């Protein structure tokens with residue numbers, strides 16, 4: 001059995017970038033060190049799922065900012081809603097929100113597809129920011145950092 | 001062997017317009033869809049997907065449990081539900097409900113102008129947006145008898161191969177993650193992100209959105225950009241080859257994939273499966289075979305039909321796609337940069353069939369255009385047949401922990417299946 005090539009030691013995979021966003025955000029003001037997010041796909045075209053998968057990659061290395069993905073809404077501080085909900089996903093979305101422990105925030109990302117129920121009409125509680133269209137992983141990270149109140 | 005991919009029009013039981021794939025080509029023929037074993041799957045594609053080759057009944061009895069997996073669970077973070085009928089850890093039957101992601105994008109395309117419909121086509125599935133927009137464009141071009149220049153054909157093929165590369169990288173990284181191969185996963189995720197960056201350089205979009213246009217492309221990269229793309233793709237392919245070779249030496253990884261969710265060639269074709277999952281069953285079937293721009297492409301197959309074969313086919317396809325992109329960029333450097341401009345008109349009419357080999361199989365569009373608008377449309381997506389193949393291949397000698405390896409290896413998603 002060969003050893004895995006230890007590329008990460010010889011080559012820095014995380015890009016030295018600054019993340020900034022002009023999107024209006026209400027910081028959670030709850031957490032100084034870290035926060036956990038749970039994402040729910042409510043019927044997007046799958047592009048947002050891929051962008052969030054890209055956020056897991058070493059290029060962004062989001063753990064250095066104290067951002068973690070939770071496996072359950074009950075363990076999360078922030079719920080990220082991907083897309084506008086299809087009629088069938090409205091109920092699971094509301095149930096997920098009921099499972100969030102107080103206090104919590106919600107980040108809405110509409111997606112490129114203009115289908116589904118308008119998220120604004122659902123009057124979801126504790127919405128801290130809304131992103132229109134299909135943002136890139138960098139743009140999403142910038143908003144997450146703004147929500148967490150981190151400036152580094 | 002003929003594979004039924006869709007039923008475009010029904011007059012009576014014996015007079016249906018059938019979308020057929022045979023020997024790497026798509027055509028329409030008249031006949032009776034009930035003669036195909038996947039007829040019910042296609043006619044009821046907006047309902048729950050069941051094994052087209054098994055019986056319709058749910059499994060019941062002492063100790064049998066319907067484990068409902070999704071839409072809001074840690075393992076299935078997407079808008080769809082898997083019903084796993086389990087007895088202990090054994091999976092007895094699988095039903096899949098993609099209707100939670102039904103957005104009726106295809107229905108909304110009807111009555112819209114060609115440009116609006118092209119934009120909607122890429123919303124069917126964001127990670128197959130080149131495939132959907134290309135298949136739709138080809139259908140419109142056939143309907144309106146529009147010629148496409150060789151330069152455009154090559155550029156479109158490069159975009160399609162870039163889409164294949166990042167999708168395959170995603171699938172293989174997901175399989176590595178499912179097997180808790182954390183170092184491998186991290187490296188593959190890094191290459192996945194690198195490919196998205198290459199896409200952005202090539203087209204201005206990380207997912208190659210808005211690149212394909214009717215009769216052409218919306219964005220022509222400069223020679224310098226093409227050279228940069230070619231160099232980066234070559235580098236990614238070389239790095240991936242090393243990782244792939246290393247991964248095959250890890251028994252912990254390979255044992256999870258070997259003999260998992262096995263599918264034989266006959267069943268795969270009866271289900272209507274296409275793409276790398278079919279080629280993993282040793283069927284040399286690929287829509288790219290008949291295209292002149294792909295004359296130098298090696299079509300990859302494998303023999304076992306299990307999750308390992310599907311992963312290996314995808315891995316070799318990443319390397320082949322990279323070679324193809326490098327060769328194509330060399331051709332584009334000397335090719336005339338000739339692009340026909342599409343001029344929308346209100347009197348265009350005709351019927352057309354368009355298809356392309358997406359990363360997970362055949363995407364096929366049939367359009368009926370009248371007065372410059374889409375009057376009627378039928379789209380066949382590969383994920384529908386991929387999910388059906390999951391329901392069939394999971395029911396023999398598979399246990400609960402095999403589930404992620406089965407699902408990820410088919411490279412399917414609810415957005416594509418539900419449209």
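Throughout, read-outs are computed from the coordinates displayed, never taken from laboratory work. Just so you know, these numbers come straight off a predicted model, no measurement behind them. Backbone-built Cβ (ideal geometry, glycine too); neighbour counts: all protein chains shown.
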Inset, instruction - Using only atoms on other chains, find how many Cβ atoms lie within 10 Å of each Cβ of peptide B:71-82 and report the average. - result: 6
Legend entry - Helix-only mean residue ellipticity at 222 nm for chain B, each DSSP H run of n ≥ 4 adding -39500 (n - 2.57), per residue, nearest 500: -14000 deg cm²/dmol
Inset, instruction - Give the peptides B:379-386, A:137-144 in descending order of average Cβ contacts within 10 Å, highest first. - result: B:379-386, A:137-144
Inset, instruction - Determine how many Å³ per residue the convex hull of the Cα atoms of the range A:91-152 encloses. - result: 98
Inset, instruction - Bin all alpha-carbon pair distances of the range B:1-88 at 10 Å intervals from 0 and give each bin's fraction as a whole percent. - result: 14, 33, 26, 21, 6
Legend entry - Burial ordering of B:296, B:358, fewest other beta-carbon atoms within 10 Å first: B:296, B:358
Inset, instruction - Work out, step by step, the length gained on full extension between residue B:323 and residue B:376: first 0.36 nm times the residue separation, then minus their alpha carbon distance; give nm to one decimal. - result: 15.2 nm
Inset, instruction - Please give, to one decimal in nm, the separation of the simple spin-label points placed at residue A:126 and residue B:227, each 7 Å out from Cα toward the Cβ. - result: 5.4
Legend entry - FRET E, pair residue B:331, residue A:99, Förster distance 56 Å, beta-carbon r, rounded to 0.05: 0.55
Inset, instruction - Pull out the extension gain between residue B:104 and residue B:241, defined as 0.36 nm times the separation in residues minus the alpha carbon to alpha carbon distance; nm, one decimal. - result: 45.3 nm
Legend entry - For the range B:367-418, the spread of Cα positions along each principal axis, largest first, Å: 54, 15, 12
Legend entry - Ellipticity estimate at 222 nm from DSSP helix runs (n ≥ 4, -39,500 (n - 2.57)) divided over chain A, nearest 500: -6500 deg cm²/dmol
Inset, instruction - For the protein assembly as shown, give the share of DSSP beta bridges that are antiparallel, in percent and rounded to the nearest 5; count only bridges with both residues there. - result: 75
Legend entry - Cα point-scatterer Debye curve for the range B:44-143, base-10 log of I(q)/I(0) at q = 0.10 Å⁻¹: -0.43
Legend entry - Three semi-axes of the equivalent ellipsoid, the protein assembly as shown, Cα gyration tensor, whole Å, largest first: 33, 29, 26
Legend entry - Contour minus Cα-Cα distance for residue B:234 and residue B:73 (0.36 nm per residue): 54.2 nm
Legend entry - FRET E, pair residue B:9, residue B:150, Förster distance 60 Å, beta-carbon r, rounded to 0.05: 0.95
Inset, instruction - Would you please calculate the Kirkwood hydrodynamic radius of chain A over all C-alpha pairs and express it in Å, rounded to one decimal? - result: 16.2
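Report, in cubic angstrom per residue, the convex hull volume of the C-alpha atoms of the range B:147-341.
118
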Legend entry - Footprinting exposure proxy for B:172, B:91 (fewest neighbouring C-beta atoms within 10 Å first): B:91, B:172
Inset, instruction - Could you tell me the largest-minus-smallest coordinate of the C-alpha atoms of the range B:175-278 on each of the three principal axes, in descending order and whole angstroms? - result: 46, 38, 18
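Compute the FRET efficiency between residue B:35 and residue B:296 as 1/(1 + (r/R0)^6), taking r as their Cβ-Cβ distance and R0 = 30 Å, and round to the nearest 0.05.
Calculated transfer efficiency: 0.20.
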Inset, instruction - From other protein chains only, count the Cβ atoms within 10 Å of every residue's Cβ in A:108-118, then give the mean. - result: 3
Legend entry - Projected label distance in nm at residue B:264 and residue A:17, using a 7 Å step from Cα toward the beta-carbon: 4.9
Legend entry - Stokes-Einstein D in µm²/s, Kirkwood radius over Cα pairs - the range B:120-239 at 25 °C with 0.890 mPa s viscosity: 162
Inset, instruction - Using a 10 Å cut-off on Cβ to Cβ distances, tally the other chain neighbours for every residue of B:407-416 and report the average as a whole number. - result: 2
Inset, instruction - Within 10 Å of each residue's Cβ, count the other Cβ atoms and sort B:130, B:59, B:217 from fewest upward. - result: B:59, B:217, B:130
Legend entry - Shape box of chain B [Cα atoms, principal axes, largest first, Å]: 66, 55, 37
Legend entry - Inter-site label distance for residue B:282 and residue A:31 at 7 Å from Cα along Cβ, in nm: 5.2
